[in-house]
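**Student:** Provided herewith is a single structure, encoded as C-alpha cells, for subsequent inquiry.
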Amino acid sequence: MDTKQLEKYSSAITLSDMEIFVFPELMYGLLLANIISPIIWQWRDADCFKRLEGKSPYKKLMRLKQFIMDEYEFNLDLNTWGLTHQAEELERFKDVIPPEEIAKSNALFGYTGDKYYFDVDIRKHFGLDKYDNDIIPYWKTETVEAMNAFRYKPGYTTGAGECVSLAALYAAAAFVVCGIPLEDIYMVLTPLHSQNFFDIQDGVLSNNRRIVTKTMWFNGTAISDKAQRALRNEQVTIVAHNTGYVHCLGNATIDKNAYKKFTQKLNAYLSTDLNSLMLANFLRSNPGYQPYFQFCNHHRGEPRFVKAETMFRYEHGSNFRISDETFAKLLADVSEEDFSIYKYIDRLCCEQLMAFIDYENIDVKTAEGQQKFAAYLQPFLPDTDKFITELCDFIHLKARLPVLKDGCKQDPPIKITTEMNRQQVVDYLQGIRGESTTADLAFYAYRDMESCDWQPFLKAAVERNPVSIEMAKDKDVRQVYDMLNSMTNDSIYDGKRLAQPDEVANFATGDGAEKAVFLANIIKNKNPQGDIEISFENQKIIVTSKDFDSFEFSSNKGFMEKITL
C-alpha cells in the first residue's frame, strides 16, 4: 500500500471520528462490518422480534428502539480510548485534507463557525478544559463486538458506545432485523454528532439510543429539543448511503437522484404547518411565552379559561397532552379553582388565535403572513418579531446539507437486499472488494485478518493505542507479560478476527494473538528503533526482540504468520 492508502486502511481499524471525517467511506464500511456481524443476525431470534414476524418494518423499528435502550448506554468518556494531539492528527492527514479545511468543519480542530459552539464552550462542554488546547480525545467508533464488550468494563452492566457507534449499530439493525432496505437508510454526520434518517412513513431519525418520528420532532419536549440540536446548530459534514457519500468539503460519490430524494424527504420531515397542536408544542418548548397565553374550553355550553402555564403544569407527568386527541381528558384533570369564567384580557387565547389564522388564511412562513400575524399579536406580546421568528424556526428547519457538485465520480452501489441471509451478504461483499473500496474497508473494520493485509492492523496497533501504553507505563516488559497472562484468554471477536491493544486493555480479555500484539506495541513504545518479530504458529504465538526476552502466548485463532515490526 502507498502512504495514503495505508493511512485510510489503518483508519478502518481504529475508526476515530477524525479518521471518518477525513475518509468518509469509512462510515459506510463500519455499517457493513456490523451488517455482516453474527451478533446482529442473532437478534432476529430474540423473542421480542420473533413476535413481530410478518409485521411492518416501522413496527419493528419501534421495538428496536427499546431493545437498544435496554442493551446499550451512551458513552462519551474522554478516557475510554485515550487522548491524542491536534497537531499530530493534522500532520497525519495534511496530504489528504489541508489542516485549515479540517479546522473549518471539525469542532475539536478549531471549528467555531456557529454561535452554538461559542455558547457551549466546546472544550469545556466535553471536559477538555483540564488539558492544554492541543489535547483532544481519541474518540474511536466501536464495532458491535466492542460495544458489547463494555460489559467487561468496571461500572458497566450493558453494552455501550458513542454516537457514531450507535448510529452504525442502528442502521445495521434496521437492515438486518427490521428489514428496511439500504436504499432507505441515510447516515447523517455533523461535527459533533451522528444519526440516521430512515425514509419510512413520514421519516424517522435515530438519535443516540432513541428514535425520533416526525410527531416527536415537533412535540416540544426537552428530549426532542435535545434531539434537534445537531441539525439545528451544525453543518452536516457527511451523508452516507449505499450509493456513496457526499462530503461538506466538496468530494462526493453518491447517486445524485438518491441525494435529491434524501434532501426532499428530510426537508419535509423538518417542516410542518402551524395549527393549535403546533402552537401548544411551541409553548411547551418555550415556557417563557406561556404567561402571555391562555386556553379555553366549553363546559355545559359556557366558556372557561385557564392560564397556559397552569395547563402545562397539569400536563407535566400526565399521559395526556394539550391540543391533541387527549386534551379533553387533560382538561378533566384540572381543578375547578384553576378555571376562570372570565377571559384574561392581557393574554392571547390560543383557540381564538388559531381561528384568526385560519380565517385570514395566514401563512406565517411568508413576509405578508408574518406582518398580519404581528399586528394581531402586538397588544399582547412585548417582542412580536422575536416570537414570530422563533415560532417559524420551530415549525420549519432547513438542514445545512453538503452541496452536491456536478461531475463527481459515482461509486457502484452496494446491492444487498433484505431477502439475503448473512452468508449471502458476506459472499456478495467479498465478491465486490476489488471494485468497491467501501466493501473492502468493511472487512478491515470487521477485523477479518484471514482476508486482510496485516500492515494496516499493525500500523494502527503501534500508533493509535494510548490506553495500553498508559496501562503499562510503570511496568517493565516482563510485568506487562505477566499482566496479560493474568487476563482471560478470550477474544471479543469470533473466528480469525482480532482486537486492538486498547480493546484488550479496556475489556481485560484477549486471545493470545491479541496479547502478543499488545506486548509488541509496548516493546515498540519502549524501544522504537528495535525490530520485533511475532511468530504465529497456530496455537502458539512467540514475540521476540533482541533487546528483551522471548514471550510465548497460546491462541485459538489458528494463524500461521511471521511478522516483523
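The values are calculated or read from the model by the stated rules, or taken from the named source; none is laboratory data. No experiment lies behind these values; they were computed from the predicted model shown. Note that we place each Cβ from the backbone using ideal geometry, even for glycine, and neighbour counts take in every protein chain shown.
**Student:** For region 408-438, name all the residues that are under 19 Å from residue 174 (Cβ atoms) and either at pLDDT below 95 or not β-branched (Val, Ile, Thr) (or both).
**Tutor:** 413, 415, 419, 420, 421, 422, 424, 428, 429
**Student:** Among the residues of region 319-336, how many are β-branched (Val, Ile, Thr) and touching a residue at least 24 places away in the same chain (Cβ under 8 Å)? Give the derivation first.
**Tutor:** Quick first cut of region 319-336, residues β-branched (Val, Ile, Thr) only: 322, 326, 334.
From what is left, the residues that are touching a residue at least 24 places away in the same chain (Cβ under 8 Å) are 322, 334.
Matching residues across region 319-336 total 2.
**Student:** Can you tell me which residue among 32, 83, 6, 26 is among the aliphatic types (A, V, I, L, M), within 28 Å of residue 448 (Cα to Cα) and touching a strand residue (DSSP E or B) at 6+ places or on another chain (Cβ under 8 Å)?
**Tutor:** On the way: 32 fails: touching a strand residue (DSSP E or B) at 6+ places or on another chain (Cβ under 8 Å); 6 fails: touching a strand residue (DSSP E or B) at 6+ places or on another chain (Cβ under 8 Å); 26 fails: touching a strand residue (DSSP E or B) at 6+ places or on another chain (Cβ under 8 Å).
Testing whether each residue is among the aliphatic types (A, V, I, L, M), within 28 Å of residue 448 (Cα to Cα) and touching a strand residue (DSSP E or B) at 6+ places or on another chain (Cβ under 8 Å) leaves just 83.
**Student:** Follow-up. Would you say residue 222 is under 16 Å from the mean Cα position of the chain (by Cα) and modelled with pLDDT under 95? Spell out how you get there, then give the answer.
**Tutor:** Values: under 16 Å from the mean Cα position of the chain (by Cα): no; modelled with pLDDT under 95: yes.
Taking the combined requirement at face value, the residue does not satisfy it.
**Student:** Between a first residue in region 480-506 that is free of Cβ contacts under 8 Å to residues at least 40 places away in the same chain and a second residue that is of a type in the set (Ser, Thr, Tyr) and surrounded by fewer than 22 Cβ atoms within 10 Å (Cβ to Cβ), which pairs have beta carbons less than 8 Å apart while being 6 or more apart in sequence or on different chains?
**Tutor:** 487/509; 488/509; 490/509
**Student:** Every residue in region 139-197 that is of a type in the set (D, E, K, R) and crowded, with 24+ Cβ neighbours inside 10 Å, please. Spell out how you get there, then give the answer.
**Tutor:** Filtering region 139-197 down to residues of a type in the set (D, E, K, R) leaves 140, 142, 145, 151, 153, 162, 183-184.
Within region 139-197, 140, 142 qualify.
**Student:** Kindly list the number of the only condition in (1) within 16 Å of the chain's Cα centre (by Cα); (2) surrounded by 19 or more Cβ atoms within 10 Å (Cβ to Cβ) that fails for residue 229.
**Tutor:** All conditions are met except number (2).
**Student:** Can you list the helices (runs of 4 or more DSSP H) lying wholly within region 1-78 that have 2 or more residues being modelled with pLDDT under 95 and of a type in the set (Asp, Glu)?
**Tutor:** Values: elements: 3-14, 17-22, 25-35, 38-43, 47-50, 57-71.
In region 1-78, 17-22 are the helices (runs of 4 or more DSSP H) which contain 2 or more residues that are modelled with pLDDT under 95 and of a type in the set (Asp, Glu).
**Student:** Which fully enclosed helices (runs of 4 or more DSSP H) of region 207-318 have 3 or more residues being under 25 Å from residue 380 (Cβ atoms) and in contact (Cβ under 8 Å) with a residue 40 or more places away in the chain?
**Tutor:** Details: elements: 214-217, 222-227, 229-233, 256-269, 276-285, 308-315.
Filter on region 207-318 gives 276-285.
**Student:** Name the residues in region 422-436 that are out of contact with any Phe, Trp or Tyr (no Cβ under 8 Å at 6 or more places or on another chain) and either under 25 Å from residue 494 (Cβ atoms) or without any contact (Cβ under 8 Å) to a residue 12 or more places away in the chain (or both), would you? Lay out the reasoning, then the answer.
**Tutor:** Of all residues in region 422-436, those out of contact with any Phe, Trp or Tyr (no Cβ under 8 Å at 6 or more places or on another chain) come to 423-428, 431-432, 434-436.
Matches in region 422-436: 423, 424, 425, 426, 427, 428, 431, 432, 434, 436.
**Student:** Hey, does region 314-323 have a residue that's within 24 Å of residue 215 (Cα to Cα), surrounded by fewer than 16 Cβ atoms within 10 Å (Cβ to Cβ) and in contact with a helix residue (DSSP H, G or I) (Cβ under 9 Å, 6 or more places away or on another chain)?
**Tutor:** Filtering region 314-323 for residues within 24 Å of residue 215 (Cα to Cα) gives 314-323.
Subsequent filtering for residues that are surrounded by fewer than 16 Cβ atoms within 10 Å (Cβ to Cβ) retains 316-319.
So of that shortlist, the ones also in contact with a helix residue (DSSP H, G or I) (Cβ under 9 Å, 6 or more places away or on another chain) come out as 318-319.
Looking through region 314-323, at least one residue is within 24 Å of residue 215 (Cα to Cα), surrounded by fewer than 16 Cβ atoms within 10 Å (Cβ to Cβ) and in contact with a helix residue (DSSP H, G or I) (Cβ under 9 Å, 6 or more places away or on another chain).
**Student:** Here is a follow-up. Scan region 475-516 for residues that are closer than 23 Å to residue 138 by Cα and either among the polar types (S, T, N, Q) or touching a Pro at 6+ places or on another chain (Cβ under 6 Å) (or both) and report the count.
**Tutor:** Selection size over region 475-516: 4.
**Student:** All but one of (1) at pLDDT 85 or above; (2) more than 21 Å from residue 19 (Cβ to Cβ); (3) in contact with an Asp or Glu (Cβ under 9 Å, 6 or more places away or on another chain); (4) of a type outside the set (Lys, Arg) hold for residue 85, so report the exception by its number.
**Tutor:** Going through (1) at pLDDT 85 or above; (2) more than 21 Å from residue 19 (Cβ to Cβ); (3) in contact with an Asp or Glu (Cβ under 9 Å, 6 or more places away or on another chain); (4) of a type outside the set (Lys, Arg) one by one, residue 85 breaks only (2).
**Student:** Kindly state which helices (runs of 4 or more DSSP H) lie completely within region 117-189 and contain at least 2 residues that are touching a strand residue (DSSP E or B) at 6+ places or on another chain (Cβ under 8 Å) and modelled with pLDDT of 95 or more.
**Tutor:** On the way: elements: 122-125, 144-149, 163-176.
In region 117-189, the matching helices (runs of 4 or more DSSP H) lie at 144-149, 163-176.
**Student:** Would you mind finding the one in 486, 550, 554 that is of a type in the set (Gly, Ala, Ser), more than 38 Å from the chain's Cα centre (by Cα) and not assigned by TED's automatic domain parsing to the domain that holds residue 37? Even if it seems obvious, please write down each step before you answer.
**Tutor:** Working: 486 fails: more than 38 Å from the chain's Cα centre (by Cα); 554 fails: more than 38 Å from the chain's Cα centre (by Cα).
On inspection, the qualifying residue turns out to be 550.
**Student:** So which pairs qualify, if the first residue must be in region 337-362 and of a type in the set (Gly, Ala, Ser), the second must be at pLDDT 95 or above, the Cβ gap must be under 7 Å, and the two must be at least 6 apart or on different chains?
**Tutor:** 340/305
**Student:** Just one of 276, 206 is farther than 22 Å from residue 353 by Cα and among the hydroxyl-bearing types (Ser, Thr, Tyr); which is it?
**Tutor:** Details: 276 fails: farther than 22 Å from residue 353 by Cα.
The match here is 206.
**Student:** Only residues that are in contact with a strand residue (DSSP E or B) (Cβ under 6 Å, 6 or more places away or on another chain) and more than 25 Å from residue 151 (Cα to Cα): list them for region 494-523, please.
**Tutor:** Result: 520, 523.
**Student:** Which ones in region 179-199 are out of contact with any Ser or Thr (no Cβ under 9 Å at 6 or more places or on another chain) and not hydroxyl-bearing (Ser, Thr, Tyr)?
**Tutor:** Narrowing region 179-199 to residues out of contact with any Ser or Thr (no Cβ under 9 Å at 6 or more places or on another chain): 184-186, 192-193, 199.
Scanning region 179-199 gives 184, 185, 192, 193, 199.
**Student:** Further question: Keeping to region 272-305, report how many residues are among the small types (Gly, Ala, Ser) and surrounded by 15 or more Cβ atoms within 10 Å (Cβ to Cβ).
**Tutor:** Restricting attention to region 272-305, the residues satisfying the condition of being among the small types (Gly, Ala, Ser) are 276, 280, 285, 288, 301.
Those left that are additionally surrounded by 15 or more Cβ atoms within 10 Å (Cβ to Cβ): 276, 280, 285.
Final tally of qualifying residues: 3.
**Student:** Report yes if residue 28 is in contact with a Gly (Cβ under 6 Å, 6 or more places away or on another chain) and either on the phi < 0 side of the Ramachandran plot or surrounded by fewer than 22 Cβ atoms within 10 Å (Cβ to Cβ) (or both), otherwise no. Explain how you work it out, then say what you get.
**Tutor:** Working: in contact with a Gly (Cβ under 6 Å, 6 or more places away or on another chain): no; either on the phi < 0 side of the Ramachandran plot or surrounded by fewer than 22 Cβ atoms within 10 Å (Cβ to Cβ) (or both): yes.
So residue 28 does not fit the description; no.
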